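Notes follow once the structure below has been shown.
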């Protein structure tokens, strides 16, 4: 029986005109830092400027790294900084059964397959290994080899170019088959991979607009592919510049970056606003309410400086 692949050449959004629902999805492996704040400010400003909704989702699927105290800190900081999310926060751990059933569905339709390869094996079989870019060579696509035990689950990717328009980076084109190959949707530890989990989450939450860091720009074609495969609508995507340290590395929870505190709240909000290339407020900003009133009136996506890397 032939595979049924999405006929995807140019991704198109299927959202109702005028309806806007954005989201912010921090991980629960650490507290918020300035880079997180920039992403939150961008996505929330865009939502309130468009009179839309803004959802909060906690990325806690990796329970080995998730910490309840960090979740509490994230919620507290966002609240103190004046962010107002629609409804209750959602948690990925509440959706594990949905993720697992989706993986099973794709396996049953032969759109995914079990893989027994290690990273070392994939790397040694990949011509571009020395460029640190591993492309899955399809080793287990037609069945596990002798002596191999299933570890992860990969989705079958068609040799087709995916094109979409990023709000900040402009037109983006990628052939996932040639750039990544059949990619993981369920990890060797049994957890659902980010690429599939975020696609399911955005679908369940009816997200129409995604603003996130430029480090996720190269993941978007994979997510568009999965959306087509599962017959989901496509959000509109926009990838904002990353906050980096003095060595040019992205600020992250894993490299000991400083947390943010409420004592200098307005200064931090204004610093994030300035980083996003927005016009300095005409009036003095003394409270979070002052800041968000200005953001609702003055947010200009066209002025965001975007040195993207794809």
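No lab work stands behind these numbers, since they all come straight from the coordinates. In this text, all values refer to a predicted model and were calculated from it rather than measured experimentally. Neighbour counts are summed over all protein chains in view; Cβ atoms, including those assigned to glycine, are modelled from backbone coordinates with ideal geometry.
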Checklist entry - Given 5 Å bins starting at zero, what is the percent of C-alpha pairs of the stretch 83-128 in each, up to the one with the largest pair distance? => result 5, 15, 12, 11, 14, 15, 11, 7, 6, 3
Item to check | Average Cα contact separation per residue, the stretch 21-303, under 8 Å, 6 or more apart, as relative contact order % | outcome: 24
Next on the checklist: At 7 Å along Cα-to-Cβ for each site, give me the label-to-label distance between residue 51 and residue 86 in nm.
Outcome noted: 1.3
Checklist entry - Spin-label point model (7 Å from Cα, Cβ direction): what's the residue 121 to residue 178 distance in nm? => result 2.7
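If R0 is 35 Å, what FRET efficiency do you get for residue 286 and residue 108 from their C-beta distance, rounded to 0.05? The partial results should precede the final answer.
Numbers: r = 58 Å, r/R0 = 1.67.
After rounding to 0.05, the efficiency reads 0.05.
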Item to check | Set of the stretch 172-212 residues, backbone N closer than 14 Å to the point 7 Å along the Cα-Cβ line of residue 233 | outcome: 202-210
Next on the checklist: Going by average Cβ density within 10 Å per residue, which order do the peptides 20-32, 290-302, 273-285, 138-150 take, highest to lowest?
Outcome noted: 20-32, 290-302, 273-285, 138-150
Checklist entry - If eta is 1.002 mPa s and T is 20 °C, what Stokes-Einstein diffusion coefficient results for the stretch 21-303, Kirkwood Rh from Cα pairs, in µm²/s? => result 105
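Could you rank the peptides 163-175, 228-240 by their average count of other C-beta atoms within 10 Å per residue, with the highest value first? Please list the in-between numbers first.
Working: 163-175: 16.1, 228-240: 19.9.
Output ranking for 163-175, 228-240: 228-240, 163-175.
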Checklist entry - Based on the Cβ-Cβ distance from residue 293 to residue 161, what FRET efficiency comes out when R0 is 30 Å, to the nearest 0.05? => result 0.10
